[in-house]
Amino acid sequence: MTTTVDESPTAELGWRESAERALRRLSAITLAGALLGLLVGGVGGRLAMMLLARLNPDATGVTSDDGFTIGQFTVGNTLQLLLTGTVFGLVGACIYALVRHLLIGPRWFQVASIAAGPAVVVGAGIVHSDGVDFVLLKPLWLAIGLFLAIPALYAALLTVVAERWLQDDSWAARAPLLLVALPLLLLIPLAPLLAVMVTLWALNEGLRRHDRFRVALAHPALPWVARAGLAVVFVVALVDLVGETNELAG
């Protein structure tokens, strides 16, 4: 069975009702992203670093590409990593909120595709042959695999948890609006990104209230253009990741 995520705004809803629905939706995704960023990115990242440091005692004391000292696990560095994981989790939540309506196919395919994309894109961003992390830390396959698995696991869990919290019987749909809105305070450090999202939502809502634009926005080609753009980003990142991996392995 092929399905898509149906979250297209309807012209029948007034501005207030539509804004409340969007707020509840974004709040649920934000909270899921923050919690998973903390657990998967922060805690998972720390465990991955500990494992690699344990396997590479000769690298102890070397400053990693991210500014951490390999083999030294202080409270300050751990808190910094947890905070970084949470922030990246929030960024991932915002991106998911923007692209989730583009998901297609059976549920297993949606989860797999949403996991593969961030894994490759993030991997291409951190796996480099001109740094020290993936040159010193061995085995290479484990070092790269761990830092691909973290964003993949985060994204897969995000779509599972977020979509559960977006159902009609969830807390995000039934709790008082002020309570539901509290997780949005976590987006304060990402105010510019939030402003862009609000602007896009308002523009989309405004255009859908005019017959001239409603038909154009509902054209089935538009989502496929967006999917094609994401596919290009994925392929470019994959080529870069494979190239860097081959250079490191060679």
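The values are calculated or read from the model by the stated rules, or taken from the named source; none is laboratory data. Because the structure is predicted, anything quoted here is derived from the model rather than measured. Neighbour counts are summed over all protein chains in view; Cβ atoms, including those assigned to glycine, are modelled from backbone coordinates with ideal geometry.
The table for this structure:
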quantity	calculated
Top-ranked residue in region 39-61 [being of a type in the set (Gly, Ala, Ser) and either in a helix (DSSP H, G or I) or within 16 Å of the chain's Cα centre (by Cα) (or both); ranked as farthest from residue 88 (Cα to Cα)]	59
Residues being more than 16 Å from residue 71 (Cβ to Cβ), of a type outside the set (A, V, I, L, M, F, W, C) and either modelled with pLDDT under 95 or more than 14 Å from the chain's Cα centre (by Cα) (or both) - total across region 136-151	2
Answer from 229, 206 - the residue that is over 17 Å from residue 32 (Cα atoms), modelled with pLDDT of 95 or more and surrounded by 11 or more Cβ atoms within 10 Å (Cβ to Cβ)	229
Meets criteria (aromatic (Phe, Trp, Tyr), modelled with pLDDT under 95 and either in a helix (DSSP H, G or I) or under 24 Å from residue 20 (Cβ atoms) (or both)) for residue 234	no
Residue list for region 72-86, restricted to those being buried (at least 19 other Cβ atoms within 10 Å of the Cβ) and closer than 15 Å to residue 31 by Cα	85, 86
Single residue of region 1-38 satisfying the filter (surrounded by 15 or more Cβ atoms within 10 Å (Cβ to Cβ) and more than 19 Å from the chain's Cα centre (by Cα)) that is modelled with the lowest pLDDT	9
Index of the failed condition, residue 54 passing every other in (1) of a type in the set (Lys, Arg); (2) farther than 19 Å from residue 164 by Cβ; (3) crowded, with 19+ Cβ neighbours inside 10 Å	(3)
Any hit, region 116-127, residues being within 16 Å of residue 40 (Cα to Cα) and surrounded by fewer than 21 Cβ atoms within 10 Å (Cβ to Cβ)	yes
Pairs, first farther than 18 Å from residue 114 by Cα in region 233-250, second outside any helix (DSSP H, G or I) and modelled with pLDDT under 95, C-beta under 7 Å, six or more apart	244/127; 244/128; 244/129; 245/127; 247/129; 248/129
Residue match in region 185-194 (condition: in contact (Cβ under 8 Å) with a residue 60 or more places away in the chain, in contact with a Cys (Cβ under 6 Å, 6 or more places away or on another chain) and within 13 Å of residue 26 (Cβ to Cβ))	yes
Any hit, region 89-105, residues being surrounded by 14 or more Cβ atoms within 10 Å (Cβ to Cβ), of a type in the set (D, E, K, R) and either more than 30 Å from residue 189 (Cα to Cα) or touching a residue at least 60 places away in the same chain (Cβ under 8 Å) (or both)	yes
Checklist (1) over 21 Å from the mean Cα position of the chain (by Cα); (2) surrounded by fewer than 17 Cβ atoms within 10 Å (Cβ to Cβ) applied to residue 133, failing item	(2)
The one condition in (1) at pLDDT below 90; (2) under 19 Å from the mean Cα position of the chain (by Cα) that residue 115 fails to fulfil	(1)
